[in-house]
């Protein structure tokens, strides 16, 4: 605990302004009976004891103090951001990949869903699916739960 004694209310206000950073250009304050430590944990409460000139009972006033960091933070050059790799070509699927995924769906009892999917793509059987639609069909198979 730190106790600071003031002779007048003006001294206490001047000290509070200096702590808040408002009194840099003010005249020098009256001597303080005890100095603050060089480093203190941030935002600690420090009671301040004040005494008026007429020797009224001492009053303790808690104040907030914030210590400066022990070391200044050094600003280094900003980290270089590596651009995320964007896939520029569509994944290529083969008829074999699509067939394996379709068989897995049929084995799990989803034959009707597979037939509806083929109808959505305008074909009656998988071999009739145009190669340019393989990617979209693979995505639709994944939507049905197939692993491809």
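The values are calculated or read from the model by the stated rules, or taken from the named source; none is laboratory data. All figures in this text were calculated on a predicted structure; none of them were measured in a lab. Virtual Cβ from ideal backbone geometry, glycine too; neighbours counted across all protein chains shown.
Of the residues 145, 109, the single one that is modelled with pLDDT under 95, assigned to a loop (DSSP other than H, G, I, E, B) and surrounded by 12 or more Cβ atoms within 10 Å (Cβ to Cβ) is 145.
Filtering region 112-140 to residues that are buried (at least 17 other Cβ atoms within 10 Å of the Cβ) and not in a helix (DSSP H, G or I) leaves only 129.
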